[in-house]
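Asker: Supplied in structure tokens, the structure appears directly below.
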Amino acid sequence: MNSNLPIQIKVVILGDSGVGKSSIILRFVYDDFKGETDSTIGAAYKGKVYQHNNCNIQFNIWDTAGQEKFKSLAKMYYRDATAAILVYDITNSQTYDGLKEWYRELKEFGPEDIILCIAGNKEDLVDSESVQLDTVEEFAESIGAYYKRTSAKTNYGIDMIFKEIANKVCADK
Ligand code: GDP
């Protein structure tokens, strides 16, 4: 086997509509941000090769492409996923409640040993934060998830999320 070939991993992004899922992907893959995004346009997935120490990873990141509005994603969305990023908007506590539902759905349909991350997105609007940090940290710990505030707008924390996933994947190799 050629050890230079990247390890292929599937990452799914879950969370209520408007929390910034597509924007996080856009920032990570293209280092770009758009003030207005069109939720109806979404490819099945976007790929990015990522070098982590001596470990080469290809992230295949699946976007919900607006389907999350109907609160039900095709089961194939979860199938064979290595990692899941659960996203909520730190200025909108309803999206934090939504995150718990997405977690329940993930437990039901996703692989048991999936790597979990929680992104508290829109960190640039931290002055309007409406979810207690302690509360999220406690929840993250209870489900064994890595938690980080992120901003797709400023690029804050985005790389940390993917680095954490890379760390876990590479540690297993
Ligand atoms: P999705 O429906 O979860 O995919 O969310 P989108 O990526 O479409 O983002 C919804 C809206 O939030 C858009 O207007 C984005 O420009 C905006 N947005 C996304 N991320 C951020 C962020 O980190 N900070 C701010 N201020 N706005 C953001």
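The values are calculated or read from the model by the stated rules, or taken from the named source; none is laboratory data. Since this is a predicted model, take the numbers as computed values, not measurements. Note that we place each Cβ from the backbone using ideal geometry, even for glycine, and neighbour counts take in every protein chain shown. These area figures cover heavy atoms from the full protein model, side chains too; ligands, DNA and RNA do not enter into them. Shrake-Rupley method; radii C 1.70, N 1.55, O 1.52, S 1.80 Å.
Asker: So, in the stretch 142-173, exactly how many residues are in a helix (DSSP H, G or I), under 18 Å from THR82 (Cβ atoms), among the small types (Gly, Ala, Ser) and open to solvent by 40 Å² or more (accessible area, probe 1.4 Å)?
Answerer: Here the count works out to 1.
Asker: Filter the stretch 78-92 for residues that are touching a strand residue (DSSP E or B) at 6+ places or on another chain (Cβ under 7 Å) and not in a strand (DSSP E or B) and give the result.
Answerer: Passing the criteria: TYR78, ASP80, ALA81, THR82, ILE90.
Asker: Looking at the stretch 148-173 only, could you name the residues that are under 22 Å from ASN53 (Cα atoms) and within 16 Å of the ligand (Cβ to nearest atom)?
Answerer: Correct list: LYS148, ASN155, TYR156, GLY157, ILE158, ASP159, MET160, ILE161, PHE162.
Asker: Could you grab the pairs with beta carbons closer than 6 Å, sequence gap of 6+ or different chains, first residue in the stretch 56-83 and under 20 Å from ALA166 (Cα atoms) and more than 12 Å from the ligand (Cβ to nearest atom), second one at pLDDT 95 or above and part of a loop (DSSP other than H, G, I, E, B)?
Answerer: Within 6 Å, the pairs are ALA81/ILE114.
Asker: I would also like to ask the following. Considering LEU133, LEU106, LEU86, which residue is at pLDDT below 95 and open to solvent by less than 10 Å² (accessible area, probe 1.4 Å)?
Answerer: Result: LEU106 is the single residue among LEU133, LEU106, LEU86 that is at pLDDT below 95 and open to solvent by less than 10 Å² (accessible area, probe 1.4 Å).
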